[in-house]
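Q: Please read through the structure below; I'll follow up with questions.
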Amino acid sequence: MSQLIVLNGQIVEVEEANVSVLDRANLFGDGLYEVIRCYTGGLFEHGTHVERLLDGAAALGITHDWTRESLESAARRLQAETGIMEGEMYIQLSRGPAVRSHYFPDSQSPTIFITLYPVRPIPPDACTAGTSVITCPDMRHGWCHLKTVNLLSNCLAKEKAHRHGVWEGLMLRGLDRTTLPGSVEEYCDAPGELSSVSPGDKFAGYVTEGASANVFVVKDGRIATPPRENILPGVTRRITLELANRAGYEVKERRVLAEELLVADEVFLTSTVGEIMPVVNIDGHLVGAGEPGPITRRLASMYTERVASAKLRG
Ligand SMILES: Cc1ncc(COP(=O)(O)O)c(C=O)c1O
């Protein structure tokens, strides 16, 4: 079996096809793919597949020089070189390598590769006699509690924050809307979800976490943070809960409605790199007095002490 593939336009042996470990497909799942069936050497519906790939790249803002024609010619070259007549062609296009940071790199050098392997066998009579299936919960974009590299949505939230000149994107679920934005531009250009909401207005959504941090709210001396469902329960979150309990605060892990953000006295983020970070403005609304609150400051200083004592222990 030939082991040739196309990498960034060149035909190379698969063993020599080096892609950076920093490729954003590897770090974040920040890429797209297509599978095309090759029948007797012909690429079935190649144009339709390639249109979908190019549309996806435009929607995600992946910049590249590929066209329908250049992709078709690369695919045909690979088919001719491998001689595979009955095959599965796989095309993957990613935003390319960049030092790990959720938001998009300033300049992109996308990675594209194409493989062609003989078609995988399917049960011989499955298409004539029929097959059996099993139902399962739809887990796509689920299992947030595992720190998986399936981070495209987090990247989009961080990219939106970046474009709005703020540090973090706070992610909301349960929004009362019927359509999703169709592209990164539309998603990022839209103002924050709470920008047109006044405190006291009814607002359906609830907050889960930041793109790369957990979130806490404080109201009347009580601390709340979203529960473990639909979040990555961070190490810093756990330490913060311990510190808050030790300091004698009332702390609850419970659903936090988005509208609570508008009336909170304090809001803060927790993460390994950002530690305990006060949030003073959300979508243009000041949080409390618009400056770090006393409970946040107390917990942040307890956290600093905790780090210092860990440093002493070595
Ligand atoms: C989605 C998400 N939530 C929360 C966190 C905070 O976790 P930790 O405190 O373990 O850094 C992270 C950190 O990367 C994250 O990606």
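Q: Working only within the stretch 234-249, note down all residues that are touching a residue at least 60 places away in the same chain (Cβ under 8 Å) and under 14 Å from Arg297 (Cα atoms).
A: Selection gives Thr240, Leu243.
Q: A follow-up question, please. Here is a check on your reading of the model: is Ser212 under 13 Å from Thr270 (Cα atoms) and either within 14 Å of the ligand (Cβ to nearest atom) or modelled with pLDDT of 95 or more (or both)?
A: Details: under 13 Å from Thr270 (Cα atoms): yes; either within 14 Å of the ligand (Cβ to nearest atom) or modelled with pLDDT of 95 or more (or both): yes.
The answer is yes for Ser212.
Q: Let me ask another. Working only within the stretch 1-42, note down all residues that are more than 24 Å from Ala80 (Cβ to Cβ) and of a type in the set (Asp, Glu).
A: Asp23, Asp30
Q: Specify the residue that is surrounded by the fewest Cβ atoms within 10 Å (Cβ to Cβ); the eligible residues are those in the stretch 8-37 that are among the charged types (D, E, K, R) and without any contact (Cβ under 8 Å) to a residue 60 or more places away in the chain.
A: Glu15
Q: Here is a further query. Across the stretch 168-194, what is the total count of residues that are in contact with a strand residue (DSSP E or B) (Cβ under 6 Å, 6 or more places away or on another chain), of a type in the set (Gly, Ala, Ser) and at pLDDT 95 or above?
A: 0
Q: Answer yes or no: is there a residue in the stretch 105-115 that is away from the ligand (no atom under 16 Å from the Cβ), without any contact (Cβ under 8 Å) to a residue 24 or more places away in the chain and of a type in the set (A, V, I, L, M).
A: Within the stretch 105-115, not a single residue is away from the ligand (no atom under 16 Å from the Cβ), without any contact (Cβ under 8 Å) to a residue 24 or more places away in the chain and of a type in the set (A, V, I, L, M).
Q: Still on this structure, please answer the following. May I ask you to list the residues in the stretch 71-89 that are polar (S, T, N, Q) and either touching a Phe, Trp or Tyr at 6+ places or on another chain (Cβ under 6 Å) or more than 15 Å from Gln3 (Cβ to Cβ) (or both)?
A: Step one: of the stretch 71-89, the residues polar (S, T, N, Q) are 73, 79, 82.
Within the stretch 71-89, Ser73 is the sole residue that qualifies.
Q: If you take the residues of the stretch 227-281 that are of a type in the set (S, T, N, Q) and away from the ligand (no atom under 11 Å from the Cβ), which of them is nearest to Arg140 (Cα to Cα)? Before you say what the answer is, go through the steps one by one.
A: Step one: of the stretch 227-281, the residues of a type in the set (S, T, N, Q) are 230, 236, 240, 245, 270-272, 281.
Applying the additional criterion that residues be away from the ligand (no atom under 11 Å from the Cβ) yields 245, 281.
Values: Asn245: 35, Asn281: 32 Å.
Ranking the candidates gives Asn281 first.
Q: Looking only at residues in the stretch 68-110 that are touching an Asp or Glu at 6+ places or on another chain (Cβ under 8 Å) and within 21 Å of Glu185 (Cα to Cα), which one is surrounded by the fewest Cβ atoms within 10 Å (Cβ to Cβ)?
A: Tyr103
Q: Ok, one more. Would you mind stating whether Leu116 is within 30 Å of Thr40 (Cβ to Cβ), at pLDDT 95 or above and touching a Cys at 6+ places or on another chain (Cβ under 7 Å)?
A: Yes.
Q: Still on this structure, I have one more. If we only count helices (runs of 4 or more DSSP H) wholly inside the stretch 208-314, which ones have 3 or more residues that are surrounded by fewer than 17 Cβ atoms within 10 Å (Cβ to Cβ)?
A: Once the helices (runs of 4 or more DSSP H) in the stretch 208-314 are filtered for at least 3 residues that are surrounded by fewer than 17 Cβ atoms within 10 Å (Cβ to Cβ), what remains is 235-246, 294-313.
Q: Looking only at residues in the stretch 18-67 that are among the charged types (D, E, K, R) and in a helix (DSSP H, G or I), which one is nearest to Ile112 (Cα to Cα)?
A: Ranking the qualifying residues of the stretch 18-67, first place goes to Arg24.
Q: For the stretch 116-130, give me the residue count where each residue is surrounded by 10 or more Cβ atoms within 10 Å (Cβ to Cβ) and either in contact (Cβ under 8 Å) with a residue 40 or more places away in the chain or assigned to a loop (DSSP other than H, G, I, E, B) (or both).
A: In the first step, residues of the stretch 116-130 are kept if they are surrounded by 10 or more Cβ atoms within 10 Å (Cβ to Cβ); the result is 116-119, 126.
Now restrict to residues that are either in contact (Cβ under 8 Å) with a residue 40 or more places away in the chain or assigned to a loop (DSSP other than H, G, I, E, B) (or both): 116-119.
Matching residues across the stretch 116-130 total 4.
The values are calculated or read from the model by the stated rules, or taken from the named source; none is laboratory data. Bear in mind that the values here come from a model prediction, so they are computed numbers and not experimental data. In this analysis, Cβ positions are derived from the backbone assuming ideal geometry, glycine residues included, and neighbour counts consider all displayed protein chains.
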